[in-house]
Amino acid sequence: MTRDELVACQSRRLCDLVQRVYHSVPFYRDKMQRLGITPEDIRSIEDLTILPFTTKTDLRDNYPFGLFGVPLDQIVRLHASSGTTGRPTVVGYTRRDIGIWSEVIARSLASAGATSKDLIQVAYGYGLFTGGLGLHYGAEKLGATVIPISGGNSKRQVHIMRDFGTTVLACTPSYALHLAEAISEEHIDRTALKLRVGVFGAEPWTDGMRREIEQRLGLAAIDIYGLSEVMGPGVACECCARCGLHIQEDHFLPEIVNSETLKSQDITRRGELVFTTLTKEGLPLLRYRTRDLTTLDVSSCPCGRSTVRMAKCLARSDDMLIIRGVNVFPSQIESVIMNLAGVAPHYLIEVSREHNLDVLSLLVEVDERLFADTVGHLESWTISVRKELESALGVSIRVRLVEPKTIERSEGKAKRVIDRRNMQ
Amino acid sequence: MRVHQLSVFLENRSGRLTEVTEALGLAGINITAQCVADSSDYGVLRMVVSDPGRAETLLKARGLSVTLTDVVCLETPNVPGSLHRALALLSTAGVSVDYMYAFAAGDKAFVLVRTGDIERTISVLIAGKQKLLGDHELGMNYGVRVASSEK
């Protein structure tokens, strides 16, 4: 497809999308009416900027199914990701959506160098998280042999890798390094493994990490990108030329906007990535703000694909943390502490990396209101905070009590999070 | 018959204990009994000092988290079986012991105990003819606060 043909296709799909959401999603109809626009005002992708934005808050406010574009009985799959203050972000898929999702994953796997002859070990979590099932359906569509092993139990993972002869590994980059460690702990000869390609995503990872993964696993480590609101993994993926991730722009129309002004800006300058889901039916979205920061590149790629490429995402425009592939908002942590302690102690969230896995720690100052004379009391308080947080966040956390005044105070906005992982 | 014991929250890093002992020493406050209950990241330092009110104020001024707890001080002969006699009284009366720390020298032994019910502890031990020492008997100067902060 030439660029012109693609633009024409996107324009047709955009007009179609706007008609659909105007008539079947009250949220969008209200928004557009308040802006004084009708579907007829959208004639091509040039008119995209007339349309309103959509944010994670909108999804949360319409929990669970308020933004769906079809009746629930047409939804064949639901997924959810953790949201702030206990409300997950729910996404829904029609049969056609699942087909498109499988297609974009299959394309992603192909661009990473995978074929139907490969054995793909899907070590992303299966369940409400989109990673596992997303890669699974796409790998099946590609015709490869799928090992739906999900995450965890590294010992078993590496034994299966050796015994089954896995050629493609799909998991988070930090889990890949964890598996590398398991391989040496199990005394498995790395050169005896048949690993050739790795498709890693769900969290930011640097080129330094890429080199380490490739060196320790002996495979080509490819970056895959996605978010469940837009579809799941597979929205974009690197090709073997490794000069950016090709966006499946016939389905996901990308934009770069300034996070503060929300105005469209020069795509070669870093800004917030926004997507419009041109073909989705279950949860169609107009100009969804991802909060991920990146640049776009329309120059030609050595691989021959003409789709626009985005740079690797390493930063966000909000305070969301990604811990072992799970989204964590510092505000969730604050609300749990407040609920449990009845007070707002001084606390600090620390993210570090140990043995290649992200570690989330919460440091809480023990002041007059929290201090109890028996260690038993302090321990049980610590344990209840930890349990509540783990339940609310969906990721394990260490809780450490520290002396008063040891956490730095600041004028104005308190610096609540210290991320010691070297991301940049 | 109560003893006002100080508890201080300390992180498990070097210099924390000596910060406390230095502060008390400089202020002319004597330590009668001391014990550290440890867990991996922190410890609770418990002390019976000559002036708990002043000690509490000055340690708080140093930014430490301090609380006062009522405990009982039992004086018992330094012979086998004497501690057991006292503890058996509490056990029979259904009083639970939270923690205790003790030391014997010469012909006497001193035991500091925190229980779930201080009033009942005092009445049970006195009824059982046990000897209890309060702030006054331990030579402590206590006049600043009336009630301790029980959690």
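The values are calculated or read from the model by the stated rules, or taken from the named source; none is laboratory data. All figures in this text were calculated on a predicted structure; none of them were measured in a lab. Ideal geometry is used to build each Cβ from the backbone, glycine not excepted, and the neighbour counts take in all protein chains shown.
Looking across the range A:336-380, the residues that are assigned to a helix (DSSP H, G or I), closer than 20 Å to B:Phe9 by Cβ and more than 10 Å from chain B (Cβ to nearest Cβ) come down to A:Ile337, A:Leu340, A:Ala341, A:Ser380.
For (1) within 17 Å of the chain's Cα centre (by Cα); (2) under 19 Å from A:His251 (Cα atoms); (3) modelled with pLDDT of 95 or more; (4) in a helix (DSSP H, G or I), each residue gets a yes or a no:
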position: A:Arg107; (1), (2), (3), (4): no, yes, yes, yes
position: A:Ala114; (1), (2), (3), (4): no, no, yes, no
position: A:Lys117; (1), (2), (3), (4): no, no, yes, no
position: A:Gly125; (1), (2), (3), (4): yes, no, no, no
position: A:Leu133; (1), (2), (3), (4): yes, no, yes, yes
position: A:Tyr137; (1), (2), (3), (4): no, yes, yes, yes
position: A:Glu140; (1), (2), (3), (4): no, no, yes, yes
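A:Leu67 fulfils the conditions (1) outside any loop (DSSP other than H, G, I, E, B); (2) touching a residue at least 40 places away in the same chain (Cβ under 8 Å); (3) touching a helix residue (DSSP H, G or I) at 6+ places or on another chain (Cβ under 7 Å) except for a single criterion, (1). Please verify whether B:Ser65 is within 13 Å of chain A (Cβ to nearest Cβ), of a type outside the set (D, E, K, R) and surrounded by 21 or more Cβ atoms within 10 Å (Cβ to Cβ), treating the condition exactly as stated. Yes, satisfied.
In a residue-by-residue description of the range A:328-336, the property of being surrounded by fewer than 20 Cβ atoms within 10 Å (Cβ to Cβ) and under 30 Å from A:Ala112 (Cα atoms) applies to no position.
So which residues in the range B:1-34 are surrounded by fewer than 18 Cβ atoms within 10 Å (Cβ to Cβ), within 14 Å of chain A (Cβ to nearest Cβ) and not in a helix (DSSP H, G or I), if there are any at all? Selection gives B:Glu11, B:Asn12, B:Arg13, B:Ser14, B:Gly15. Put simply, of A:Ala182, A:Ala176, A:Ala241 the only residue that is assigned by TED's automatic domain parsing to the domain that holds A:Arg162, closer than 30 Å to A:Tyr93 by Cβ, in contact (Cβ under 8 Å) with a residue 12 or more places away in the chain and of a type in the set (A, V, I, L, M) is A:Ala176. Restricting B:Ser96, B:Ser39, B:Ser82, B:Ser123 to residues that are over 13 Å from the mean Cα position of the chain (by Cα), within 14 Å of another protein chain (Cβ to nearest Cβ) and farther than 29 Å from B:Ala23 by Cβ narrows the list to B:Ser96. Residue selection: B:Thr76 satisfies the criterion of being touching a residue at least 40 places away in the same chain (Cβ under 8 Å) and away from chain A (no Cβ under 14 Å). Entry remark, the range A:1-38: residues being farther than 19 Å from A:Phe68 by Cβ and free of Cβ contacts under 8 Å to residues at least 60 places away in the same chain number 13 in total.
Each row is one residue, and each column tells you yes or no for (1) farther than 30 Å from A:Val402 by Cα; (2) of a type in the set (S, T, N, Q); (3) buried (at least 19 other Cβ atoms within 10 Å of the Cβ); (4) out of contact with any Ser or Thr (no Cβ under 7 Å at 6 or more places or on another chain).
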residue	(1), (2), (3), (4)
B:Gly53	no, no, no, yes
B:Ala93	yes, no, no, yes
B:Ala102	no, no, no, yes
B:Arg114	no, no, yes, no
